[in-house]
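Visitor: After the C-alpha coordinates below, expect a handful of questions from me.
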Amino acid sequence: PGLYENEFGPLNRPGFDDNILVDPFTGTVFGPYIDLVHEGRRIGKWEFFSDVPKLTEEQDVIAGLSVNQQLDYGELDLAFSYSNLIADSSGLDTDFSALPTQFGFANDDDTIWFAEARFTSPDSDLFEYLIGVSYYQEERLATRNTTVFDAATQQYLPFSDVPEQRQADENIAIFGSTSFGLGVEGLRGTVGLRYDEGERETEQDAFSAVFG
(Lines give C-alpha, C1' and ligand atoms only; values in the text may rest on other atoms or scores of the structure.)
Protein backbone atom coordinates (compact mmCIF):
# COMPACT_ATOMS: atom_id res chain seq x y z
CA PRO A 1 0.00 0.00 0.00
CA GLY A 2 1.54 3.27 -1.05
CA LEU A 3 0.78 6.03 -3.50
CA TYR A 4 -2.71 5.35 -4.73
CA GLU A 5 -6.18 6.85 -4.62
CA ASN A 6 -8.87 5.42 -2.38
CA GLU A 7 -11.09 3.69 -4.92
CA PHE A 8 -12.20 0.28 -3.74
CA GLY A 9 -14.92 -2.16 -4.75
CA PRO A 10 -15.76 -5.61 -3.33
CA LEU A 11 -15.07 -8.48 -5.72
CA ASN A 12 -17.38 -10.89 -3.91
CA ARG A 13 -20.58 -8.85 -3.94
CA PRO A 14 -22.95 -11.51 -2.49
CA GLY A 15 -20.47 -12.23 0.27
CA PHE A 16 -20.17 -8.54 1.05
CA ASP A 17 -23.94 -8.01 1.16
CA ASP A 18 -24.54 -11.02 3.44
CA ASN A 19 -21.55 -10.44 5.71
CA ILE A 20 -22.30 -10.95 9.42
CA LEU A 21 -20.73 -8.54 11.90
CA VAL A 22 -19.71 -9.57 15.42
CA ASP A 23 -18.87 -7.17 18.25
CA PRO A 24 -15.36 -8.25 19.40
CA PHE A 25 -16.04 -7.14 22.97
CA THR A 26 -19.49 -8.58 23.67
CA GLY A 27 -19.79 -11.26 21.01
CA THR A 28 -23.11 -9.75 19.88
CA VAL A 29 -23.98 -10.72 16.30
CA PHE A 30 -25.12 -7.97 13.92
CA GLY A 31 -26.13 -8.16 10.32
CA PRO A 32 -26.30 -9.04 7.67
CA TYR A 33 -24.34 -6.06 6.37
CA ILE A 34 -26.95 -5.33 3.70
CA ASP A 35 -29.61 -4.71 6.35
CA LEU A 36 -27.41 -3.16 9.02
CA VAL A 37 -25.64 -0.58 6.88
CA HIS A 38 -27.29 -0.28 3.46
CA GLU A 39 -30.99 -0.52 4.36
CA GLY A 40 -31.58 -3.62 2.23
CA ARG A 41 -29.96 -2.22 -0.93
CA ARG A 42 -27.76 -4.65 -2.84
CA ILE A 43 -24.69 -3.72 -4.84
CA GLY A 44 -25.24 -3.82 -8.60
CA LYS A 45 -22.89 -5.24 -11.20
CA TRP A 46 -21.44 -1.85 -12.07
CA GLU A 47 -21.79 -0.01 -8.77
CA PHE A 48 -20.91 -0.12 -5.10
CA PHE A 49 -21.61 1.94 -2.01
CA SER A 50 -18.66 4.10 -1.02
CA ASP A 51 -17.94 4.62 2.65
CA VAL A 52 -16.58 8.17 2.54
CA PRO A 53 -14.19 9.46 5.22
CA LYS A 54 -15.92 10.60 8.38
CA LEU A 55 -13.49 13.47 8.78
CA THR A 56 -11.26 15.18 6.22
CA GLU A 57 -9.07 18.18 6.94
CA GLU A 58 -7.24 20.03 4.17
CA GLN A 59 -4.77 22.90 4.12
CA ASP A 60 -3.98 24.42 0.72
CA VAL A 61 -1.35 27.14 0.27
CA ILE A 62 -0.83 28.74 -3.15
CA ALA A 63 1.52 31.59 -4.09
CA GLY A 64 2.52 33.06 -7.44
CA LEU A 65 4.59 35.87 -8.95
CA SER A 66 4.91 37.14 -12.52
CA VAL A 67 7.23 39.83 -13.88
CA ASN A 68 7.27 41.50 -17.30
CA GLN A 69 10.22 43.60 -18.45
CA GLN A 70 10.05 45.66 -21.63
CA LEU A 71 13.51 45.68 -23.23
CA ASP A 72 14.97 47.85 -25.96
CA TYR A 73 14.48 44.81 -28.19
CA GLY A 74 11.57 42.54 -27.27
CA GLU A 75 10.31 41.68 -23.80
CA LEU A 76 11.13 39.27 -21.00
CA ASP A 77 8.52 37.39 -18.91
CA LEU A 78 9.24 35.55 -15.66
CA ALA A 79 6.72 33.45 -13.71
CA PHE A 80 7.03 31.57 -10.42
CA SER A 81 4.48 29.54 -8.44
CA TYR A 82 4.31 27.39 -5.32
CA SER A 83 1.55 25.18 -3.95
CA ASN A 84 1.27 22.85 -0.98
CA LEU A 85 -1.76 20.67 -0.22
CA ILE A 86 -1.95 18.72 3.03
CA ALA A 87 -4.94 16.38 3.40
CA ASP A 88 -5.76 14.13 6.36
CA SER A 89 -8.72 11.75 6.09
CA SER A 90 -9.93 9.54 8.93
CA GLY A 91 -12.77 7.05 9.19
CA LEU A 92 -12.11 5.11 5.97
CA ASP A 93 -13.68 1.64 5.81
CA THR A 94 -11.35 0.37 3.10
CA ASP A 95 -11.93 -3.32 3.80
CA PHE A 96 -15.75 -2.90 3.90
CA SER A 97 -16.00 -4.52 7.32
CA ALA A 98 -17.54 -1.56 9.19
CA LEU A 99 -15.89 -2.74 12.40
CA PRO A 100 -16.56 -0.18 15.15
CA THR A 101 -13.16 -0.85 16.71
CA GLN A 102 -10.97 0.19 13.79
CA PHE A 103 -10.86 2.53 10.83
CA GLY A 104 -8.37 3.50 8.16
CA PHE A 105 -6.76 6.87 7.64
CA ALA A 106 -4.78 8.54 4.85
CA ASN A 107 -2.29 11.39 5.08
CA ASP A 108 -1.06 13.22 1.95
CA ASP A 109 1.38 16.10 1.53
CA ASP A 110 1.80 17.38 -2.06
CA THR A 111 4.25 20.23 -2.86
CA ILE A 112 4.77 21.76 -6.33
CA TRP A 113 7.34 24.33 -7.49
CA PHE A 114 7.23 25.90 -10.97
CA ALA A 115 9.32 28.53 -12.75
CA GLU A 116 9.38 29.79 -16.33
CA ALA A 117 11.29 32.41 -18.30
CA ARG A 118 10.56 33.43 -21.87
CA PHE A 119 11.79 36.07 -24.33
CA THR A 120 9.51 37.43 -27.06
CA SER A 121 10.77 39.39 -30.04
CA PRO A 122 9.10 42.65 -31.10
CA ASP A 123 5.92 42.46 -33.20
CA SER A 124 6.64 42.20 -36.90
CA ASP A 125 4.72 41.33 -40.04
CA LEU A 126 7.77 39.56 -41.43
CA PHE A 127 9.31 37.55 -38.59
CA GLU A 128 8.66 36.97 -34.86
CA TYR A 129 10.03 34.43 -32.42
CA LEU A 130 9.77 33.25 -28.84
CA ILE A 131 12.21 31.21 -26.74
CA GLY A 132 11.88 30.00 -23.17
CA VAL A 133 12.76 27.54 -20.45
CA SER A 134 10.64 26.07 -17.64
CA TYR A 135 11.23 24.00 -14.51
CA TYR A 136 8.71 21.84 -12.62
CA GLN A 137 9.21 19.94 -9.37
CA GLU A 138 6.66 17.95 -7.36
CA GLU A 139 7.06 15.91 -4.20
CA ARG A 140 4.27 13.80 -2.74
CA LEU A 141 4.41 12.15 0.68
CA ALA A 142 1.72 9.63 1.65
CA THR A 143 0.86 7.43 4.61
CA ARG A 144 -1.86 4.76 4.78
CA ASN A 145 -2.68 2.95 8.01
CA THR A 146 -5.39 1.69 10.33
CA THR A 147 -6.18 2.81 13.86
CA VAL A 148 -7.49 0.30 16.38
CA PHE A 149 -9.46 1.17 19.49
CA ASP A 150 -7.47 0.64 22.68
CA ALA A 151 -9.73 -0.13 25.64
CA ALA A 152 -7.05 0.80 28.19
CA THR A 153 -6.56 4.36 26.92
CA GLN A 154 -10.02 4.74 25.34
CA GLN A 155 -8.32 6.05 22.18
CA TYR A 156 -7.79 4.93 18.59
CA LEU A 157 -4.10 4.14 18.11
CA PRO A 158 -2.12 3.31 14.92
CA PHE A 159 -2.28 -0.40 14.15
CA SER A 160 1.36 -0.58 13.05
CA ASP A 161 4.40 1.59 12.40
CA VAL A 162 3.83 2.37 8.72
CA PRO A 163 6.70 4.05 6.84
CA GLU A 164 6.06 7.16 4.80
CA GLN A 165 5.91 6.65 1.02
CA ARG A 166 7.47 9.24 -1.30
CA GLN A 167 7.09 10.18 -4.97
CA ALA A 168 9.14 12.90 -6.70
CA ASP A 169 8.82 14.38 -10.20
CA GLU A 170 11.24 16.81 -11.84
CA ASN A 171 10.96 18.22 -15.35
CA ILE A 172 12.98 20.75 -17.39
CA ALA A 173 11.75 22.05 -20.74
CA ILE A 174 13.23 24.24 -23.46
CA PHE A 175 10.84 25.58 -26.05
CA GLY A 176 10.62 28.04 -28.90
CA SER A 177 8.47 29.09 -31.82
CA THR A 178 8.67 31.35 -34.81
CA SER A 179 5.99 33.07 -36.84
CA PHE A 180 6.55 34.52 -40.29
CA GLY A 181 4.61 36.10 -43.12
CA LEU A 182 3.88 34.04 -46.24
CA GLY A 183 3.64 36.94 -48.65
CA VAL A 184 -0.17 36.91 -48.58
CA GLU A 185 -2.01 39.47 -46.50
CA GLY A 186 -3.49 37.88 -43.37
CA LEU A 187 -1.68 34.57 -43.88
CA ARG A 188 1.20 33.52 -41.59
CA GLY A 189 3.09 30.34 -40.83
CA THR A 190 4.16 29.17 -37.38
CA VAL A 191 6.72 26.56 -36.40
CA GLY A 192 7.41 25.44 -32.82
CA LEU A 193 9.71 23.04 -31.02
CA ARG A 194 9.78 21.82 -27.41
CA TYR A 195 12.22 19.55 -25.62
CA ASP A 196 11.33 17.97 -22.26
CA GLU A 197 13.53 15.99 -19.91
CA GLY A 198 11.88 14.46 -16.86
CA GLU A 199 12.82 12.28 -13.94
CA ARG A 200 10.39 10.22 -11.85
CA GLU A 201 11.31 8.66 -8.53
CA THR A 202 9.28 6.56 -6.09
CA GLU A 203 10.34 5.30 -2.68
CA GLN A 204 8.13 2.64 -1.10
CA ASP A 205 9.02 0.49 1.89
CA ALA A 206 7.35 -2.86 2.44
CA PHE A 207 5.14 -3.15 5.50
CA SER A 208 2.06 -4.95 6.78
CA ALA A 209 -1.14 -3.21 7.83
CA VAL A 210 -4.84 -4.00 8.11
CA PHE A 211 -7.01 -1.32 6.57
CA GLY A 212 -10.20 -1.22 8.59
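The values are calculated or read from the model by the stated rules, or taken from the named source; none is laboratory data. Computed from a predicted model, the values in this text were never measured in an experiment. Quick reminder, even Gly has a Cβ in these numbers, built from the backbone with ideal geometry, and neighbours come from all protein chains shown. Just so you know, the surface numbers come from the protein's heavy atoms only, side chains and all, with ligands and any DNA or RNA stripped out. Shrake-Rupley method; radii C 1.70, N 1.55, O 1.52, S 1.80 Å.
Visitor: Heavy atoms of the protein only, probe of 1.4 Å, neighbouring chains included. What is the accessible area of TYR82 in Å², nearest 10?
Guide: 60
Visitor: May I pose another question? Ranked by accessible surface with a 1.4 Å probe, highest first, in what order do LEU55, LEU130, LEU76 come? The partial results should precede the final answer.
Guide: Working: LEU55 95, LEU130 35, LEU76 60 Å².
Correct descending sequence by accessible area is LEU55, LEU76, LEU130.
Visitor: Something else about it: Applying the Karplus parametrisation 6.51 cos²θ - 1.76 cosθ + 1.60 with θ = phi - 60° to the phi angles of the stretch 185-199, what ³J(HN,Hα) value in whole Hz is obtained for each residue in order, glycine and proline being reported as x?
Guide: Once θ is set to phi - 60°, the couplings for the stretch 185-199 become 4, x, 10, 9, x, 9, 10, x, 8, 9, 10, 10, 10, x, 9 Hz.
Visitor: Evaluate the relative contact order of the stretch 126-193 (contact order divided by residue number), counting alpha-carbon pairs under 8 angstrom at least 6 apart; express in whole percent. Intermediate results must be reported in sequence, preceding the final value.
Guide: Working: 107 pairs, mean separation 26.6, N = 68.
Averaging sequence separation for qualifying contacts and normalising by length gives 39 percent for the stretch 126-193.
Visitor: Determine, for each peptide in 121-128, 186-193, the mean count of other beta carbons within 10 angstrom over its residues, then list the peptides with the highest first. Don't skip to the end; give the middle numbers.
Guide: Working: 121-128: 11.6, 186-193: 9.2.
Highest to lowest by the protection proxy: 121-128, 186-193.
Visitor: Residues with beta-carbon under 10 Å from that of TYR135, excluding TYR135: net charge, scoring Lys, Arg +1 and Asp, Glu -1? Kindly include the intermediate steps, with their values, before the conclusion.
Guide: Numbers: positive: none; negative: GLU116, GLU170.
Summing Lys/Arg as +1 and Asp/Glu as -1 gives -2.
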